Each structure stands twice: as C-alpha cells, then as structure tokens.
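See below for the structure under consideration.
The values are calculated or read from the model by the stated rules, or taken from the named source; none is laboratory data. Being a predicted model, the structure only gives us computed values, none of them experimental. Counting neighbours? That spans all protein chains shown, and the Cβs are built from the backbone with ideal geometry, glycine included.
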Amino acid sequence: MAVPAAFAGLALAGLGCAVVVPVAYALGDEAPGLKPQTGLAVTSWCMRLAGVGLSPAVGALAGAVGLAPALTVFLGLAAVGTVLAARLPVAP
C-alpha cells in the first residue's frame, strides 16, 4: 500500500508544480514597483535556492525523524503557499 500511495503523492506534487511554477513566474514578472523583468529574476532565484536547499533539508530531517514525517514539510509549504495565494489581490 505504501508504494502506490507514494506514487500517487508524487503525481499530485508534479501536478501542483505544473500549475504553481508558471503562475509564480508570471506574478513575479508583474510585481508592482520593480523594473521590468526584475521580479521574474528574483522569483527565479528564490525558486532555484528552494530547489537546491529543500532536498538536503528534508534529507537531514528524514535522518532525524524518519522519511514520512519529513515529507510533511511539503504539506506545510503547500499550506503556506495556499494562504499567501489567497491574500494576493485579484487582477482587474
């Protein structure tokens, strides 16, 4: 049961990234008060740093508490992203 659940979770994570990444780039590029493409560059660098930093962080956490609890970090990040996205102003 654990292997099918893991594959289903990874598939859902992939679907979430397929939507979140392009939207993050678009919103970063349209950030008010910044020169053109500055928001896109900042968004790109933040996403790169997260991609490089999260894997070792989850690995270290998995070594301390186990893999399943460590993967709940991503649930927490998804919750934070959902809350922050809900606070974004609605485009006209």
Just one of 89, 32 is modelled with pLDDT under 85, surrounded by fewer than 11 Cβ atoms within 10 Å (Cβ to Cβ) and part of a loop (DSSP other than H, G, I, E, B); which is it?
-> 89
Criterion (β-branched (Val, Ile, Thr), out of contact with any strand residue (DSSP E or B) (no Cβ under 7 Å at 6 or more places or on another chain), part of a helix (DSSP H, G or I) and under 16 Å from residue 77 (Cα atoms)) met by exactly one of 20, 42 = 20
Checklist (1) under 15 Å from residue 28 (Cβ atoms); (2) exposed (fewer than 12 other Cβ atoms within 10 Å of the Cβ) applied to residue 41, failing item = (2)
For residues that are without any contact (Cβ under 8 Å) to a residue 24 or more places away in the chain and surrounded by 11 or more Cβ atoms within 10 Å (Cβ to Cβ), tally how many sit in region 46-59.
-> 6
Single match in 88, 75, 71, 67 (criterion: under 12 Å from the mean Cα position of the chain (by Cα), aliphatic (A, V, I, L, M) and on the phi < 0 side of the Ramachandran plot) | 75
